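Enquirer: There's a structure below that I have some questions on.
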């Protein structure tokens, strides 16, 4: 069976994990999405997936909190999720599931390429954000498809590339500034 969230061959465990991630994300999805942060592949580690009930967020999740300006210190995961929701941020991935095979960048590129059209449709018809910020350099190959016309909303890039989730936080700060600028420039 092929998973409809990522295009990979799916075991029952794979599908159960996908449905768990969908449930988490749906619970904290904002009613009005100001900014969709679009990644390439959902993190394999639950503590890096922003919608998990992790005690401490790391990796992509910590980066997203930095972008949103949310200090997680001393707060429950539920409180953090509600703050992210009230701020109008939503995080999604072209591949809703982690990459399972070690097929390298070629396999990942092929899977991502197959999911771009589905993702564009999902953003336009279901998510309907005010703007989309690309947060995965793995998507640089397809940025010409993620246009304002194709999405029906603004697109935020780091120059001419996607923002990179990094440990230093430089990319997070650049995205934070770009989002603030886009929000003040919007009609």
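The values are calculated or read from the model by the stated rules, or taken from the named source; none is laboratory data. What you are looking at is a predicted structure, and each value in this text was computed from that prediction instead of being measured. Using ideal geometry, Cβ is built from the backbone for each residue, glycine included, and neighbour counts are taken over all protein chains shown.
Enquirer: Can you find, within the stretch 28-44, the residue that is surrounded by the most Cβ atoms within 10 Å (Cβ to Cβ) among those that are in contact with a helix residue (DSSP H, G or I) (Cβ under 8 Å, 6 or more places away or on another chain) and in a loop (DSSP other than H, G, I, E, B)?
Expert: 42
Enquirer: Here's another thing I want to ask about it. Here is a check on your reading of the model: is residue 114 in a loop (DSSP other than H, G, I, E, B) and modelled with pLDDT under 95?
Expert: In short, no.
Enquirer: Given the condition surrounded by 18 or more Cβ atoms within 10 Å (Cβ to Cβ), under 28 Å from residue 11 (Cβ atoms) and more than 12 Å from the chain's Cα centre (by Cα), answer yes or no: does some residue in the stretch 82-96 qualify?
Expert: No, the conditions are met nowhere in the stretch 82-96.
Enquirer: Now for a separate question. Confirm whether residue 133 is without any contact (Cβ under 8 Å) to a residue 40 or more places away in the chain, within 21 Å of residue 174 (Cα to Cα) and buried (at least 21 other Cβ atoms within 10 Å of the Cβ).
Expert: no
Enquirer: Another question, if that's okay. Hey, does the stretch 15-23 have a residue that's under 14 Å from the mean Cα position of the chain (by Cα) and over 19 Å from residue 179 (Cβ atoms)?
Expert: Within the stretch 15-23 (the criterion being under 14 Å from the mean Cα position of the chain (by Cα) and over 19 Å from residue 179 (Cβ atoms)), the answer is yes, since at least one residue qualifies.
Enquirer: Now for a different question. Pairs please, first residue from the stretch 5-34 and at positive phi and at pLDDT below 90, second anywhere and surrounded by 18 or more Cβ atoms within 10 Å (Cβ to Cβ) and assigned to a helix (DSSP H, G or I), Cβ atoms under 7 Å, 6+ apart in sequence or on different chains.
Expert: 7/111; 7/115
Enquirer: Consider the stretch 55-83. How many of its residues are free of Cβ contacts under 8 Å to residues at least 60 places away in the same chain, more than 28 Å from residue 111 (Cα to Cα) and in a loop (DSSP other than H, G, I, E, B)?
Expert: 9
Enquirer: Also, quick follow-up: Considering only the stretch 168-187, state which residues are part of a loop (DSSP other than H, G, I, E, B) and either within 17 Å of the chain's Cα centre (by Cα) or within 17 Å of residue 132 (Cβ to Cβ) (or both). Give the steps one after another, and end with the answer.
Expert: The initial filter retains those residues of the stretch 168-187 that are part of a loop (DSSP other than H, G, I, E, B), namely 168-169, 186-187.
The answer is 169, 186.
Enquirer: Do you know which of the residues in the stretch 157-180 that are free of Cβ contacts under 8 Å to residues at least 40 places away in the same chain and surrounded by 15 or more Cβ atoms within 10 Å (Cβ to Cβ) is farthest from residue 39 (Cα to Cα)?
Expert: 174
Enquirer: Here is a follow-up. Please work out which one of (1) surrounded by 12 or more Cβ atoms within 10 Å (Cβ to Cβ); (2) closer than 23 Å to residue 172 by Cα is the condition residue 115 fails and give its number.
Expert: (2)
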